[in-house]
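FYI, it's all coordinate maths here, none of it is from the lab. Since this is a predicted model, take the numbers as computed values, not measurements. Virtual Cβ from ideal backbone geometry, glycine too; neighbours counted across all protein chains shown.
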Amino acid sequence: MDKIILEDRFTTHQKITFLIYIGAPFLIGIFSLLKLNLNIKGFLILMLLLIIYSFLISISFSKRGFLKIKSDLYLGFFFFGKLFFKKKIDISRTPKIAILKFKKSQKLAWFSVAKPDLATEFKSFEINILNNKHTRREPIIILKDEKNVDPAISFLTSNFSLKNEVYSPDFY
C-alpha cells in the first residue's frame, strides 16, 4: 500500500468555524453533564457526546492524499498519518491527468457584519483525470499549496499508467 499525504482538508478558518458552531452544543452538553452527579445513563450519554466530539475533531484536522491499493487509486483522508476514510477513483477510462490553476476567494464568516465583502484570495490547483481527447474531465483533488502539486503528479504518474498533459480539449 503506497500513500502520499498532501495537505489539510480544511483551512484554519474552516476548522475554527466547524468546531465552534457544530462542536459547541456537544461541549455544552459535556460540561453540563460533568457538573452533575451521574448515574449509568448519564455516564453513557457523556461517553457518547465525547465520542461524537472526538469524531468532529478528527474530521476537522484530517488531511487529504492519495492511496494505492493493489492497482486501484483512492482518495484518502488521514488523521495522524492513519487512514480514516477512502474513496475509490475510477481511472480505467481516463488515462491522462492535467492541472488547472484557478484564482479563488473565500468569504470570512466572522467579519460579515463589519465588512460584508471581506474575503481572502488564494490560488487553487485542481488535478483532473481526462479521457484521450480531453473532452471529459473530472477533478480528483483540489490543492491550495503549489508545492504539493509536483509530489502528487509524480505519485500518480509513477504508480499508475497516467500521463500528465496540458489540458487542451479536442471536440472534433
| remark: In degrees, nearest 10, the alpha-carbon axis of helix 40-60 is tilted away from the dominant principal axis of the alpha carbons of the chain by 30 degrees
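Expressed in nm to one decimal, what extension gain is obtained for the pair LYS123 and LEU75 from 0.36 nm per residue of sequence separation less their Cα-Cα distance?
Details: separation 48, 0.36 × 48 = 17.28 nm, distance 2.12 nm.
Between LYS123 and LEU75, full extension yields an extra 15.2 nm.
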| message | Only Cα pairs within less than 10 Å get springs; with that Gaussian network setup on the chain, which residue of TYR74, TYR21, TYR53 has the largest fluctuation? | response | TYR21
| query | What full-extension length gain, to one decimal in nm, is calculated for ASP145 and LEU50 as 0.36 nm per residue of separation minus the Cα-Cα distance? | reply | 30.9 nm
| Gaussian network model of the chain, springs between alpha carbon atoms under 10 Å - residue of LEU156, LEU33, LEU75 with greatest fluctuation | LEU33
| request: Once you've got the GNM for the chain with C-alpha springs shorter than 10 Å, pick whichever of PHE80, PHE125, PHE18 has the biggest mean-square fluctuation. | output: PHE80
| Principal axes of the chain: Cα extent on each, largest first, Å | 72, 47, 27
| remark: Between ILE57 and TYR172, Cβ-based FRET efficiency (R0 45 Å, step 0.05) works out to 0.30
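Specify the longest stretch of the chain that does not include any exposed loop site, a site being one of the trypsin sites (Lys or Arg not before Pro) with a non-H, G, I, E, B DSSP assignment and at most 15 other Cβ atoms within 10 Å. Mind dumping the intermediate values first?
On the way: sites that count: LYS35, LYS70, ARG93, LYS133, ARG136, LYS144.
Free of exposed loop sites, the longest segment is 94-132.
Past 25 Å, Cα to Cα: identify those pairs from LYS82/LYS147; LYS86/LYS147; LYS63/LYS87; LYS3/LYS103; LYS15/LYS144; LYS82/LYS107, in the order given. Display every interim value, and only then the final one.
Numbers: LYS82/LYS147 22 Å; LYS86/LYS147 23 Å; LYS63/LYS87 14 Å; LYS3/LYS103 28 Å; LYS15/LYS144 15 Å; LYS82/LYS107 31 Å.
The answer is LYS3/LYS103; LYS82/LYS107.
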| remark: For LYS88, counting only aspartates and glutamates whose alpha-carbon sits under 17 Å away and dropping same-chain residues fewer than eight positions off, the answer is ASP2, ASP72, GLU138
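Can you say what percent of the DSSP beta bridges in the chain, counting only those with both residues inside, are antiparallel? Round to 5. Mind showing how you got there, number by number?
Working: 38 of 40 bridges.
Just about 95 percent of them are antiparallel.
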| query | Dipole magnitude of the chain about its Cα centre, charges +1 at Lys/Arg Cβ and -1 at Asp/Glu Cβ only, in debye to the nearest 20? | reply | 240 debye
